[in-house]
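The values are calculated or read from the model by the stated rules, or taken from the named source; none is laboratory data. Only a predicted model underlies this, so the values are computations on that prediction, with no experimental measurement involved. Positions of Cβ are backbone-derived with ideal geometry, glycine not excepted, and every protein chain shown enters the neighbour counts. With ligands, DNA and RNA removed, areas are computed over all heavy atoms of the protein, side chains included. Shrake-Rupley method; radii C 1.70, N 1.55, O 1.52, S 1.80 Å.
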Amino acid sequence: MIPFNKPYLTGKETQYIEEAVKSGKISGNGMFTQRCQDFFEKKYGFKKVLLTTSCTDALEMCAILADIKPGDEVIVPSYTFVSTAIAFVRQGAKIVFADSLPDNPNIDASKIEALITSKTKVIVPVHYAGIACDMDAIMDLAAKYNLIVIEDAAQAIDSYYKGRSLGSIGHMAAFSFHETKNIIAGEGGMLTINDKRFIHRAEIIWEKGTNRAEFFRGEVNKYGWVDTGSSFLPSEVIAAFLWAQIENLEHIQKKRLEIWNFYYENLKQWALNNNVQLPIIPDFATNNAHMFYLVCNSLEQRTKLIAHLKQNEVLAVFHYISLHSSPYYEKKHNGQILEHSDAFTDRLVRLPLFYELNVEEVLEKVKLFNNDLGIE
Ligand SMILES: *Cc1c(COP(=O)(O)O)cnc(C)c1O
């Protein structure tokens, strides 16, 4: 069976972990953490980076930094991972779901303004498959209504909007290094902060509500409990693993893009014949090859395609169940129809994409599927 994902190891991970362990500094915010943070700040122009134990944690930090209180409203696309919403739900927020674009799972920026009320505090665009949302439109709304924009950039490492790196445009952003993402640390993530107002407090929340970071920089002569927070920082073991991946970032991205482009070029005719939609990348966005997905013409067609691939030993998988229809949220939902989210829930399917994939083999199996002839 060809798996859907296989984590890629560059070869240096265990060597760097050993270095971290031998250095005697294994807890967080050591040399490897600093190296990773500096790299991301320089390469992508983020004002401040803090590594976290997951993207979910980074989003939780954002919710605290945005000072979300019970009753505040947060606008989130419904077609996303649970973490996008749950980080704000834990602070007592009311989630207001927005629909996707008709031809792309990203939030439809033109539908956001109608959802804004006097209680709205935050908009969370999710760059699905690493493809940028229309950030100018979203930032304009935020300026007009005095809202905070938090990018869920979990899938968006090394991707751009009009030449600006994703995660550098909103007031804050959260990335993931979960083993299913482009570069990985097992579990891991980072918070990026672009609005200077939030930097000081972020360091405190990161370190259990203490001003430990200031103390180590010699800015205060003792440290203590000054605010809320948690233990959001990862150990040096995780940062060491991540550093090995970062060193190979360009190499990994090149390979993933080759695979993505191979799928795209070789599936054009097949997609036309079967009335299947290939990914659409807006002119303002780059592709970081996080994911290769297809949008089938019906739930029935998708079910057949997944079954066909399974019979041919390829694991293809669908993606999110829109959050407004989830068991947790269904009863709280206001009944608003989210037509496009629902369509992606039913019709989107992801093909295997990982560094060591034999993409020719998968392509061959996909092409055997011919909906019109009833072959499955
Ligand atoms: C992977 C992912 C997350 C969660 O990342 P973790 O690092 O596992 O917490 C959140 N949002 C989106 C859109 C994701 O794809």
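Remarks
- With every protein chain in place and a 1.4 angstrom probe, the accessible-area ranking of Y145, Y160, largest first, reads Y145, Y160.
- Rg/Rh ratio calculated on Cα atoms of segment 320-360 (Kirkwood radius): 1.23
- Taking the C-alpha atoms of the chain, convex hull volume expressed per residue in Å³: 137 Å³
- Alpha-carbon geometry of segment 246-376: the Rg and the Dmax are 16.4, 48 Å, given in that order.
- Accessible area (Å², 1.4 Å probe, nearest 10) - E247: 90 Å²
- Cα point-scatterer Debye curve for segment 100-187, base-10 log of I(q)/I(0) at q = 0.10, 0.26 Å⁻¹: -0.25, -1.32
- Sites M1 and R217, calculated FRET efficiency, Cβ-Cβ separation with R0 56 Å, nearest 0.05: 0.65
- Solvent exposure of the chain as accessible area per residue, Å², 1.4 Å probe: 43 Å²
- The aspartates and glutamates within cross-link reach of K94, meaning a Cα-to-Cα straight distance under 13 Å and a gap of 8 or more places when in the same chain, are D72, E73.
- Span from the segment 105-149 Cα centroid across to the segment 44-81 one, whole angstrom: 14 Å
- Accessible carbon and sulfur surface of segment 60-102 relative to its total accessible area, %, 1.4 Å: 61 percent
- I281 sits with roughly 60 Å² accessible to a 1.4 Å probe, with DNA, RNA and ligands left out of the calculation.
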